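Input: a single structure, listed below in structure tokens.
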Amino acid sequence: MKCDIILAGVGGQGVLSVSTIIASSAMKEGLHVKQSEVHGMAQRGGAVLAHLRLGDSPIASGLIPKASASMILSMEPLEGLRYISYLSQDGRLITSSNPVMNIPDYPDLDGILSRIRSLPHAKVLDAEKFAQQAGSVRASNMVMVGAAAQFLPVKVETIKECIMDLLACKGDKIVDINLKAFSVGQRIGH
């Protein structure tokens with residue numbers, strides 16, 4: 001078994017947190033994990049990319065070859081589309097529909113979403129709306145993890161434990177909001 005995930009977004013969207021939660025969940029369940037360095041200008045609103053490889057046998061490289069990713073999990077639609085060349089033929093692209101228009105010539109959003117929706121295994125969701133319903137728009141990344149959970153090789157309970165572990169230092173309220181956002185993502189991901 002192998003599960004190769006491209007995580008994409010823009011600085012400040014929690015790509016690193018998502019990667020940490022999924023990787024920690026996999027390690028807790030005894031899977032092998034390799035993660036590339038997170039690339040991009042995370043602190044300045046620039047593009048952020050991480051490769052995350054999970055498997056039941058040792059993994060030689062942290063980098064995912066093109067056309068072989070099981071999933072692209074994107075916090076921002078343009079960033080999801082940017083890495084489409086990494087997606088395998090039967091891979092899934094799960095993305096938020098909410099753009100971060102951090103460049104003056106951001107492409108037409110309808111065109112981006114139309115291209116994504118034309119893929120055979122694509123899921124586009126309004127993560128910000130669902131995160132707000134859970135208590136904070138900042139939990140959009142947990143909505144995305146929830147939407148992807150059914151396709152990850154780890155148990156939902158393990159993911160929830162890792163969310164609690166990672167966010168415990170921020171207080172019970174933040175943990176609760178993020179767990180609610182994760183659960184909302186699970187519901188809309190099915």
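Report, by residue number, each residue of the range 91-108 that is aliphatic (A, V, I, L, M) and open to solvent by less than 40 Å² (accessible area, probe 1.4 Å).
LEU93, ILE94
Residue pairs whose Cβ atoms lie under 8 Å apart, sitting 6 or more positions apart in sequence or on different chains, and linking a residue in the range 106-134 that is within 27 Å of SER88 (Cβ to Cβ) to a partner that is of a type outside the set (Asp, Glu) and open to solvent by 50 Å² or more (accessible area, probe 1.4 Å), are HIS121/ARG92; ALA122/ARG92; LYS123/ARG92; VAL124/ARG117. A single entry from HIS190, HIS121 fulfils the requirement of being touching a strand residue (DSSP E or B) at 6+ places or on another chain (Cβ under 6 Å) and open to solvent by 60 Å² or more (accessible area, probe 1.4 Å): HIS121.
Which residues, counting only those in the range 131-150, are under 15 Å from the mean Cα position of the chain (by Cα), open to solvent by less than 70 Å² (accessible area, probe 1.4 Å) and not small (Gly, Ala, Ser)? The answer is ASN141, MET142, VAL143, MET144, VAL145.
Considering the range 168-187, the residues that are hydrophobic (A, V, I, L, M, F, W, C) and surrounded by fewer than 17 Cβ atoms within 10 Å (Cβ to Cβ) include one that is farthest from GLY91 (Cα to Cα), namely CYS169. Here ALA60 fulfils each of the conditions (1) in contact with a Gly (Cβ under 6 Å, 6 or more places away or on another chain); (2) at pLDDT below 95; (3) over 15 Å from ILE5 (Cβ atoms) apart from (1). Being farther than 20 Å from GLY146 by Cα and more than 11 Å from the chain's Cα centre (by Cα) is a condition met by at least one residue of the range 71-78.
A count restricted to the range 141-190 and to residues that are more than 16 Å from MET71 (Cα to Cα) and modelled with pLDDT under 95 stands at 1. Entry remark, the range 50-84: residues being touching a residue at least 60 places away in the same chain (Cβ under 8 Å) and either basic (Lys, Arg) or in a strand (DSSP E or B) (or both) number 8 in total.
Each residue in the range 154-167 was checked for being open to solvent by 40 Å² or more (accessible area, probe 1.4 Å) and either touching a residue at least 12 places away in the same chain (Cβ under 8 Å) or among the aliphatic types (A, V, I, L, M) (or both), and 6 pass.
The values are calculated or read from the model by the stated rules, or taken from the named source; none is laboratory data. In this text the structure is predicted, and so the values were computed from the model without any measurement. Glycine gets a Cβ as well: all are built from the backbone with ideal geometry, and neighbour counts include every protein chain shown. Quick note on the areas: whole protein, heavy atoms, side chains included, nothing else; ligands and nucleic acids left out. Shrake-Rupley method; radii C 1.70, N 1.55, O 1.52, S 1.80 Å.
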